[in-house]
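Values quoted throughout were computed directly from the atomic coordinates according to the rules given, and no laboratory measurement underlies them. Please read all numbers here as calculations on a predicted model, not as lab measurements. Backbone-built Cβ (ideal geometry, glycine too); neighbour counts: all protein chains shown.
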Amino acid sequence: MKAYHAGWVIYYCELSGVAAFAVTGTLMAGRKSLDWFGVITISLVTALGGGALRDVLMAHYPIEWVSNENGFLVGVSASLGTMIWARTLKTFNDRVLLVADAFGLAVFTVRGTDMALQQNLPPSIAVIMGVATAVAGGVMRDVLCNEVPLVFKREVYASISILGAVAYITLLDLQISLEVASAIAIAFVFVSRIAAIRWKWKLPRFDVVD
Amino acid sequence: MKAYHAGWVIYYCELSGVAAFAVTGTLMAGRKSLDWFGVITISLVTALGGGALRDVLMAHYPIEWVSNENGFLVGVSASLGTMIWARTLKTFNDRVLLVADAFGLAVFTVRGTDMALQQNLPPSIAVIMGVATAVAGGVMRDVLCNEVPLVFKREVYASISILGAVAYITLLDLQISLEVASAIAIAFVFVSRIAAIRWKWKLPRFDVVD
Amino acid sequence: MKAYHAGWVIYYCELSGVAAFAVTGTLMAGRKSLDWFGVITISLVTALGGGALRDVLMAHYPIEWVSNENGFLVGVSASLGTMIWARTLKTFNDRVLLVADAFGLAVFTVRGTDMALQQNLPPSIAVIMGVATAVAGGVMRDVLCNEVPLVFKREVYASISILGAVAYITLLDLQISLEVASAIAIAFVFVSRIAAIRWKWKLPRFDVVD
């Protein structure tokens, strides 16, 4: 637990992010006619892939989800629960999912940025690590499902994560304590993401005309 | 050779798995109108990708196929041999391929599980490492060929690998020797996979209806 | 700078390769209707992905582009510049791009091969590392854009990189100095690639007829 600046609170936040991301993986996989092994695998990749990529890029070994099976167990449970739920009720409350996903985005961003700062990486690289932690699992999910990643397509999702990472670093530079800076950055990302969904914010598109 | 619990036998088994997986990569790539560089690359990724992913996730450096060129040489030879064979005879005995692939699945599963146990990882993570070793190369092959991975789609392939890894760990827990446990788990996976092909076993599918 | 056999010259060559590859990523992403975050991400993956893969496979930590932000800054600038240029002028000189890309191919090949030799890897693996450095970024770009990688399809691109890596190793075996061997191998790859474009060289294709 020593490795967690903000202690056990952020650890449980992170596990709830894992659960939320696993649910999005399950729902995406469910649109592709996969079997249960495929669904669970894609859910785990969605939930744990961002953190694994970050750890590999920073050579932060052992990888968090490899040395400790909690992430795996939470991801599998969330995926199985979603499958049973969807089969039983034939319905799924998208709003709950979006809120949970926004929460995962917020926590993963701060966690990834923080880990990079602890390893004394330059601030611009710390931002990349925060965003990679938050976004790469979803990119892997979409690649495995043979789709162009959603996050690359006009949705204000990754940019909020970038702003959140920048905000977190700036707050720490201003000598604000880790706990307060984490809380503010997490709240900022979470609220912005909910607002982006609510008012359908979009980023400008870039098209090459041949 | 010290690193191999079950000694040189499993090493040669593993190289034959590499060859079998390289052949499947070559045949898949041959359906995509690629040039010989593309075909050989996809074959190598299919054959060596699972082991490389396992080693990176466990920080087991140097990666087996990087420090020793045998895997590379066997993979390239199998791929070139398949291309020449297919061009000359215009035919290919699928049965031989499926048997060799089942053998590769069995050996890679046990090898990956065993390596994770040697690193004192939790049992659930050891199962994941066994399955990842056996399956991830094929997933990378399908992603590079722009297909939803075959292994995610209603075929009893990965689940046999999971059961084989669980069986191997259980046998070791029962104080059975490494050699015997390896042999039983390999035989179990191999025979189950052949049975799954023979009687067309399928896993239940999970579909989300919007 | 000590790590660079051929000193600061190759370092600046490498950054220009990063810029060229980032431009190809931007143009490819521009055909997929992505937003600016998607475009920049794909550009960075194209430019830095090959080097990152090489470093991970060789356990050469810290990864070059993680510990030092120059690669990131050059990649982002090249991508933003391309977007602004394309939007303003509605035109893009493909010839400049192809020349820059050929230059990147040449420098990345020699750099990757050289790093593997420094780690005492076998020559065949050094060739793979050279080619992976030069080619894997483009493969990742195409996978993220949901395309079968261009480099696998009948273009004399990767094979020139292979020949360049082999030439570099052979020259070093002949006791030629690092500076001269680098210069010759870089020139060889660059000129061959331009010739391949100019005279439309193609590799034979391999098709499986069912």
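In the assembly of identical copies, residue B:73 has its label point, taken 7 Å from Cα in the direction of the beta carbon, separated from the corresponding points by 4.6, 4.6 nm (ascending, one decimal).
Per-residue mean of foreign Cβ neighbours for C:118-124 is 3 (Cβ atoms of other chains, 10 Å radius). Taking every residue in A:57-66 and counting other chain Cβ atoms within 10 Å of its Cβ, the average works out to 6. Among C:156, C:45, C:148, which one moves the most in a GNM of chain C with springs linking Cα atoms closer than 10 Å? For chain C, modelled as a Gaussian network with Cα springs under 10 Å, the answer is C:148. Remark: the range A:94-101, residue by residue, has Karplus-estimated 3J(HN,Hα) of 4, 5, 4, 4, 5, 5, 4, 5 Hz, where x stands for each Gly or Pro and the curve is 6.51 cos²θ - 1.76 cosθ + 1.60 at θ = phi - 60°.
Here the relative contact order of the range B:83-210, from alpha carbon pairs under 8 Å that lie six or more residues apart, stands at 27 percent.
With coordinates expressed along the principal axes, the C-alpha atoms belonging to chain A extend over 50, 48, 31 Å, beginning with the largest.
Against chain C, whose longest principal axis is taken from its Cα atoms, helix C:123-144 shows a tilt of about 10°. Give the shape of the protein assembly as shown as rounded, prolate or oblate, defined through the alpha-carbon gyration tensor: a ≥ b ≥ c are the square roots of its eigenvalues, a/c under 1.5 means rounded, and otherwise the shape is prolate if a/b is larger than b/c and oblate if not. Rounded is the answer for the protein assembly as shown, as its axis ratio a/c remains below 1.5.
Taking the Cα centre as origin and putting +1 on Lys and Arg beta-carbons and -1 on Asp and Glu beta-carbons, what dipole magnitude results for the protein assembly as shown, to the nearest 20 debye? Write out the running numbers ahead of the final one.
Values: 48 positive and 45 negative charges, 355 e Å.
Taking the Cα centre of the protein assembly as shown as origin, the dipole is about 1700 debye.
Sorted from closest to farthest, the other copies place their residue C:147 label points 2.2, 2.2 nm away, with each point set 7 Å from Cα along Cα→Cβ.
Model label sites at residue C:11 and residue A:33, defined 7 Å from Cα along the beta-carbon direction, differ in position by 5.5 nm.
In the structure displayed, which of A:32/A:202; A:202/C:32; A:32/C:153 lie more than 18 Å apart, Cα to Cα? Please report the intermediate quantities before stating the final value.
Numbers: A:32/A:202 26 Å; A:202/C:32 16 Å; A:32/C:153 27 Å.
From A:32/A:202; A:202/C:32; A:32/C:153, over 18 Å: A:32/A:202; A:32/C:153.
Enter the Cα centre distance for the pair the range C:134-169 and the range A:36-55, rounded to the nearest angstrom. Going from one Cα centre to the other spans 27 Å. Note on residue B:180 and residue C:147: their simple-model spin labels are 5.8 nm apart, each label 7 Å out from Cα toward Cβ.
In chain C, the calculated helix contribution to ellipticity at 222 nm averages -25000 deg cm²/dmol per residue, counting -39,500 (n - 2.57) for every DSSP H run with n ≥ 4.
Here residue C:88 yields copy-to-copy label distances, from shortest upward, of 6.1, 6.1 nm, the label point defined as 7 Å from Cα along Cα to C-beta.
Distance between Cα centroids, the range C:174-190 to the range B:5-35: provide it in whole Å. Cα centroid of the range C:174-190 versus Cα centroid of the range B:5-35: 35 Å apart.
Close amide-amide hydrogen proximity is noted between residue C:34 and A:206, each under 5 Å apart and 5 or more residues distant or on a separate chain (H modeled in the peptide plane; Pro and chain starts excluded).
With viscosity set to 0.692 mPa s and temperature to 37 °C, compute the Stokes-Einstein D of the range B:63-151, Rh being the Kirkwood radius across alpha carbon pairs; µm²/s, no decimals. In µm²/s, the coefficient is 219.
Take each residue of peptide C:134-146, count the partner chain Cβ atoms within 10 Å of its Cβ, and average: the result is 2.
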